[in-house]
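The values are calculated or read from the model by the stated rules, or taken from the named source; none is laboratory data. A quick note: this is a predicted structure, and the numbers were derived from the prediction, not measured. We place every Cβ from the backbone using ideal geometry, glycine too, and count neighbours over all the protein chains shown.
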Amino acid sequence: MHPRRNKRVAAAGVTLATLTLILLVADVLLGSEPVPLATAWRALLGTEQSHLSQIILGYRFPKAMVALLVGVSLSVSGLQMQTVFRNPLADPYILGVSSGAGLGVALFVMGYSVWGTTAVGALLASMGYAVSACVGAAFIMSIMLTISMRVRDIMAVLILGVMIGSATSAIISALQFFSRETALKSYVLWTMGGLGNVTSAQLYVLIAVTLAGSVLALLSIKTLNALMQGESYARSIGYNVGKNRLAIMLTATLLTGTATAFCGPIGFIGVAVPHVARMLIREADHRYLLPITMLLGAVAMLLCDVISSLPGYETSLPINTVTSLLGIPIVILVIVRNQKIV
Amino acid sequence: MAAQAKPAIEVRGLRIGYTAKGVQREIFPAFSATAGEAELVALLGRNGRGKSTLMRTIIGIQPSLDGSVHILEKDMRSYPLRTLATLVSYVSTDNVKVGNLKVFDLVSLGRYPYTGWFGTLSSKDKEVVMHSLAMVGMEAYAWQNTSCLSDGERQRVMIARALAQDTPIIVLDEPTAFLDLPNRYEIVLLLKQLAQEQRRAILFSTHDLSIALKIADRLWVMCDGEFHQGAPQELMLNSVFDKLLQNTRLSVDHETGEVRVRFE
């Protein structure tokens, strides 16, 4: 058998896990006001009571957790979409699924009355964001899935995805035009997104969904491998393609929808991270690729968050700006490399 | 030719085609055919006659309009999908390109009907994978990337994948397409050997008339609305190939089986 491959993947796994930890700490410590490690530690233990501990507990630590969770969510759903669509550039952002989530949120925000400020009300409101985003994402996902089953040319599918994403954004703009001022304000706040505006109620929902989605994704590893070769092969080795494809896309929708509901649309993590994972371990088997993609997703998102709020500046860069600047070169590299295949 | 043992594939009054918006579009009229154990069967027919549709119907990807396909003497629709996967394996014309996919991993996909929830291979599964690669002469390539293979090598690997699935029946859609002449013969000879030595029923579609005539045990021929089956010589005597090559400037030499061109 092949002795080196497990070692190589394990080495990548350990390195990425260590990097996740380091970046998590860095993300908590660094910001417009850097915090010393000892102070941050005491704040987390609850023995430090100062404005610094408030920054740590109320803002930085939750934000770092959100970065980690969203990184995992978007990367996993990117990998799932790439395999199921059999398209190296499939990703929730490019194929308009994130816009679909935005449409869901827009309809929810502009439609709902005030939920109240009680803890239950806050939880319900965050659930409302999440559910409406997931429904919107599922809507676009089902359109794209139908298209990809009929259109063989992967570039045509991508262009259609971009078109549908733009159409969705146009509908949202129209909705904004007709909506009341307060609703408009909360929607615009949402589109600006960011990892730091997540309430603790939302954080719990995010943790639950990311955990559930990751477990479901890990359970679908064999199916993803079976689907890798396309419909007829998957069926010939005993897979009901329709049912399995739907189950995997539901997971991807849940992950993207929830992450987008709370942080706004974040681009290029979903498409870029699985490719970096492939370059790193040189494997296509999802038993290796999926766990490495998860870890790398966490690392990538934490890194983007660290970059977006580097010390010395009062404000931080929008997270979507950083993910785009880091992700787009990788997408371009993939397109150039794929020229022979596409 | 090989004495007809148990029929592995039995096509009974099968009508293939599509149903769109409640309207049936027949591609080929009802016909019956058999393929026996240890038989190498070549499916011949011109473009658009429905060879691929027939293949897809036989492996169950596409429902038939009428009639049935019996696999090992039972209607294939009565098998659960997983059981069917242990009886029929398939090699399609799709050129699957997945970056970084190792030859070993590709072939081990054939073991999926036998592995558990995570698809972890037992030591027996790994043995079967390596043995399948050895049977097609590709064991040295086990740890290479599939993207680095030539067309002939890739076809061998795809056949190994079907062998790893360990099914009594293998169906291949144009396995000789895109190959050079020696490779075409090599692949069909390999199929012949696998059929004989391992008593598998192997059905493949092809446009290589002379190769099929020389090597296959039985031919299935889809002419214009007519279906013919039988041993190559038998079909030759019945002038089936003249029907196949109707309205072309080609004919088949009844002595040698070679294709002849008429220059006007």
Worksheet entry | Residues that are touching a residue at least 60 places away in the same chain (Cβ under 8 Å), within 14 Å of chain B (Cβ to nearest Cβ) and not charged (D, E, K, R), drawn from segment A:278-329 | A:280, A:281, A:286, A:288, A:289, A:290, A:291, A:292, A:293
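Of a type outside the set (D, E, K, R), touching a strand residue (DSSP E or B) at 6+ places or on another chain (Cβ under 7 Å), within 25 Å of residue B:35 (Cβ to Cβ) and surrounded by fewer than 15 Cβ atoms within 10 Å (Cβ to Cβ): which single residue out of B:225, B:230 fits that description?
Answer to the check: B:225.
Yes/no per residue for (1) touching a His at 6+ places or on another chain (Cβ under 9 Å); (2) closer than 30 Å to residue A:253 by Cα; (3) buried (at least 19 other Cβ atoms within 10 Å of the Cβ):
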site	(1), (2), (3)
A:34	no, no, no
A:39	no, no, no
A:45	no, no, no
A:48	no, no, no
A:52	no, no, no
A:56	no, no, yes
A:64	no, yes, yes
A:70	no, yes, yes
A:75	no, yes, yes
Fill in: Residues located in segment B:170-187, provided they are buried (at least 22 other Cβ atoms within 10 Å of the Cβ) and either in contact (Cβ under 8 Å) with a residue 60 or more places away in the chain or not in a helix (DSSP H, G or I) (or both)
B:170, B:171, B:172, B:173, B:175, B:176
Discussion item. Based on this model, can you work out whether residue A:142 counts as surrounded by fewer than 22 Cβ atoms within 10 Å (Cβ to Cβ), hydroxyl-bearing (Ser, Thr, Tyr) and under 30 Å from residue A:285 (Cβ atoms)?
Written reply: yes
Discussion item. Need pairs with beta-carbon distance below 8 Å; first residue more than 15 Å from residue B:61 (Cα to Cα) and within 10 Å of chain B (Cβ to nearest Cβ) and within segment A:224-248, second part of a loop (DSSP other than H, G, I, E, B) and modelled with pLDDT of 90 or more; sequence gap 6+ or separate chains.
Written reply: A:225/A:285; A:226/A:237; A:226/A:239; A:228/A:284; A:228/B:101
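With respect to residue B:242, is the statement that it is among the acidic types (Asp, Glu) and either surrounded by 22 or more Cβ atoms within 10 Å (Cβ to Cβ) or touching a residue at least 60 places away in the same chain (Cβ under 8 Å) (or both) true?
Working: among the acidic types (Asp, Glu): yes; either surrounded by 22 or more Cβ atoms within 10 Å (Cβ to Cβ) or touching a residue at least 60 places away in the same chain (Cβ under 8 Å) (or both): no.
No: the conditions fail for residue B:242.
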Practice prompt. Would you point out which residue out of B:90, B:141, B:114 is in contact with a helix residue (DSSP H, G or I) (Cβ under 7 Å, 6 or more places away or on another chain), farther than 30 Å from residue A:154 by Cβ and either more than 9 Å from every other protein chain (Cβ to nearest Cβ) or crowded, with 18+ Cβ neighbours inside 10 Å (or both)?
Written response: B:114
Item to complete: Could you tell me whether segment A:254-261 includes any residue that is more than 8 Å from chain B (Cβ to nearest Cβ), surrounded by fewer than 24 Cβ atoms within 10 Å (Cβ to Cβ) and out of contact with any helix residue (DSSP H, G or I) (no Cβ under 9 Å at 6 or more places or on another chain)?
Response: no
Discussion item. Filter segment B:129-151 down to the residues that are out of contact with any Gly (no Cβ under 8 Å at 6 or more places or on another chain) and in a helix (DSSP H, G or I) and list them by number.
Written reply: B:130, B:131, B:133, B:134, B:135, B:139, B:140, B:141, B:146, B:148, B:151
Worksheet item: If residue B:121 passes every condition in (1) assigned to a helix (DSSP H, G or I); (2) of a type in the set (A, V, I, L, M); (3) over 17 Å from the mean Cα position of the chain (by Cα); (4) within 14 Å of chain A (Cβ to nearest Cβ) but one, which one does it miss?
Response: (1)
